[in-house]
1. Charges at C-beta only: +1 for Lys and Arg, -1 for Asp and Glu. How large is the resulting dipole of the chain about its Cα centre, in Debye rounded to 20?
2. Going by how many other Cβ atoms sit within 10 Å of their own, how do 108, 20, 158, 223 line up, fewest first?
3. Can you give the relative contact order of region 213-332 as a percent, counting alpha carbon pairs under 8 Å and 6+ residues apart?
4. Mind jotting down the distance between the C-alpha centroids of region 206-265 and region 300-318, whole Å?
5. Which of 67, 219, 294 moves most in a GNM of the chain, Cα contacts under 10 Å?
6. Modelled label-to-label distance, residue 145 and residue 210, 7 Å Cα→beta-carbon offset: nm?
7. Pairs 15/99; 90/184; 184/276; 4/57; 184/254; 254/311: which are spaced more than 29 Å apart, C-alpha to C-alpha?
8. Taking neighbour Cβ counts within 10 Å as the exposure measure, how do 273, 303 sort from fewest upward?
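Each value in this text was obtained by applying a stated rule to the coordinates, not by laboratory testing. Everything numeric in this text was worked out from a predicted model, so none of it was measured. We place every Cβ from the backbone using ideal geometry, glycine too, and count neighbours over all the protein chains shown.
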Amino acid sequence: MSEKVIFDADIAPLKDKVVSVIGYGNQGQAQARILRENGVDVIVGNVRDEYWDRALKDGFKVYEIDEAVRRSQVALLLVPDEVAPHVYRKKIEPEIGKKEHFVLDFASGYNIMYGFIRPRPNTDVVLVAPRMIGRGILSLHRQGRGYPVLIGVAQDSSGKAWDYAKAIAKGIGAIGLPGGIAVKSSFEEETLLDLLTEHSWAPLLIAAMQAYFDVVTEEYGASPEAAILELYASGELAEVARAMAEMGLFEQMKLHSRTSQYGQFTRARKFYRMVKEVVREEAAQIWSGEFAREWSLDQAFGRVVLQRLWKIVTSSRLAEAEDRLYRQLGRR
Ligand SMILES: NC(=O)c1ccc[n+]([C@@H]2O[C@H](COP(=O)([O-])OP(=O)(O)OC[C@H]3O[C@@H](n4cnc5c(N)ncnc54)[C@H](OP(=O)(O)O)[C@@H]3O)[C@@H](O)[C@H]2O)c1
């Protein structure tokens with residue numbers, strides 16, 4: 001496969017197969033429903049809880065995870081990344097071991113990149129990673145639109161792994177529709193891009209908003225309500241993000257006033273110099289596996305760091321003011 005971007009593909013590799021969707025959460029629900037609409041024989045594997053019931057209500061045949069894998073030739077592993085290695089070891093690997101060949105699809109590169117899951121040699125290991133939350137996938141699908149995915153192959157046991165990756169991208173409604181695009185990638189590239197978003201501009205946005213809130217309310221007497229509306233509650237930020245997606249990062253700047261353009265461009269240069277080294281360090285920690293080890297350690301200790309951080313942010317002045325405002329706005 002030489003093309004870097006793919007706009008359509010043949011779904012045929014899935015047509016004579018049973019495809020199990022393992023995990024009926026954000027991604028699982030969206031992907032299972034669209035696959036079924038596209039004529040694929042889909043079953044769901046889940047633990048017996050409310051998601052099991054929801055899949056039944058949506059008209060799927062639902063099985064215990066090992067049973068679903070037993071009944072299928074292709075599985076989409078759509079459980080959270082931190083539980084996937086355990087689910088794979090206990091429920092999936094023993095079943096794949098009994099088969100001649102299997103196709104295992106991931107929606108994120110994390111567990112393969114860091115070796116937390118090491119599939120058997122009889123397995124095609126493919127990546128079809130949506131750049132879209134599950135809810136967004138369904139809403140775009142209702143409008144007859146596709147969405148971007150990164151696709152990759154970590155192990156090609158059949159010689160047809162790329163065909164399976166492309167067929168899955170087509171089956172889950174990513175390509176073959178306006179707005180849809182699959183970019184040839186790898187488990188490593190997807191993990192780097194995904195985690196570096198979470199370790200660079202996304203936390204920078206949170207930190208900048210917190211600093212902004214503290215400075216204007218503590219040092220300039222601004223009202224918390226006005227500050228929070230300015231920051232994100234008005235929905236203006238969402239509109240700007242949409243304009244970025246539709247028009248491009250710099251083209252959308254023409255929608256802002258000249259004062260705003262001047263302020264943003266001059267300050268962006270200052271911040272670029274401040275953050276580039278930090279971004280470089282974060283990328284290196286992701287690439288070397290240092291972050292994955294750090295996060296695994298916190299999970300092994302019952303996620304104490306994550307829980308403490310939740311406590312700190314939810315008891316901040318910003319969170320308290322937001323709660324008051326959102327109650328007044330009827331959003332809570
Ligand atoms: N969130 C997104 O929109 C998004 C976007 C792109 C890629 N992805 C990727 O998609 C994959 C799935 O993420 P998600 O956000 O869709 O997951 P999710 O909604 O949090 O959960 C998915 C499913 O996993 C099940 N599950 C949770 N813990 C389990 C356990 N210990 N044993 C067995 N099943 C368990 C859940 O069932 P119960 O909770 O009922 O147990 C649920 O059915 C991940 O690889 C993620 O990186 C997600």
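1. Values: 44 positive and 45 negative charges, 82 e Å.
For the chain, the charge dipole is close to 400 debye.
2. Numbers: 108 22, 20 27, 158 15, 223 12.
Neighbour counts put them in this order, fewest first: 223, 158, 108, 20.
3. Working: 35 pairs, mean separation 31.3, N = 120.
About 26 percent, as a whole number.
4. So the separation of the two Cα centres works out to 26 Å.
5. In this elastic network of the chain, the residue with the biggest mean-square fluctuation among 67, 219, 294 is 219.
6. 3.3
7. Working: 15/99 19 Å; 90/184 31 Å; 184/276 27 Å; 4/57 39 Å; 184/254 32 Å; 254/311 40 Å.
With Cα atoms farther than 29 Å apart: 90/184; 4/57; 184/254; 254/311.
8. Numbers: 273 9, 303 14.
Going from sparsest to densest Cβ surroundings: 273, 303.
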